Amino acid sequence: MDDRISRHGGALTALRCKVALASAHLAYAAFLDMARTDRWRALEAKGAKPPPATLWLFEDHGRVSRTLGEDDAAEARRLMKALADGGIDFADVNHTLEDAGIEKFIKSFDSLLDVIASRRRALWAGLD
């Protein structure tokens, strides 16, 4: 994101290092909106909870502090609008990052499969 902002320059440079936090504020606001729905309340009444893995990780090494709040979403929306008005498509940035992450996963998984195949061949060779 910061690379794209730098390439665009101008007034957008004030947004450098702020977009990720704005995105987190908006994700939290979306979570709060979802948690207020009748559908969520019905699921919660049946035992639904936010992802426990996240909570376990936080218990392991998290720190309690107020970093996201309901009031932060408005400023985050303004920042995202300024980004879009400046010609940067946040959805495209997310898509690019997602593609890069998938590609890294594929390479890592292929490497793992190569190691497994190599060890399998070695085991079979040892049995002969």
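When the range 9-31 is limited to residues that are in a helix (DSSP H, G or I) and over 17 Å from the mean Cα position of the chain (by Cα), the one that is nearest to Met80 (Cα to Cα) turns out to be Leu15.
Is it true that some residue in the range 79-87 is among the charged types (D, E, K, R), assigned by TED's automatic domain parsing to the domain that holds Gly9 and touching a residue at least 40 places away in the same chain (Cβ under 8 Å)? Within the range 79-87, not a single residue is among the charged types (D, E, K, R), assigned by TED's automatic domain parsing to the domain that holds Gly9 and touching a residue at least 40 places away in the same chain (Cβ under 8 Å).
Annotation note: of Ala82, Ala48, the sole residue that is more than 20 Å from the chain's Cα centre (by Cα), surrounded by 10 or more Cβ atoms within 10 Å (Cβ to Cβ) and not in a helix (DSSP H, G or I) is Ala48. Can you find a residue that is within 21 Å of Lys18 (Cα to Cα) and not assigned by TED's automatic domain parsing to the domain that holds Ser23 anywhere in the range 98-121? Scanning the range 98-121, I find at least one residue that is within 21 Å of Lys18 (Cα to Cα) and not assigned by TED's automatic domain parsing to the domain that holds Ser23, so the answer is yes.
The values are calculated or read from the model by the stated rules, or taken from the named source; none is laboratory data. Treat the numbers as computed from the prediction; the structure is a model and nothing was measured. Neighbour counts are summed over all protein chains in view; Cβ atoms, including those assigned to glycine, are modelled from backbone coordinates with ideal geometry.
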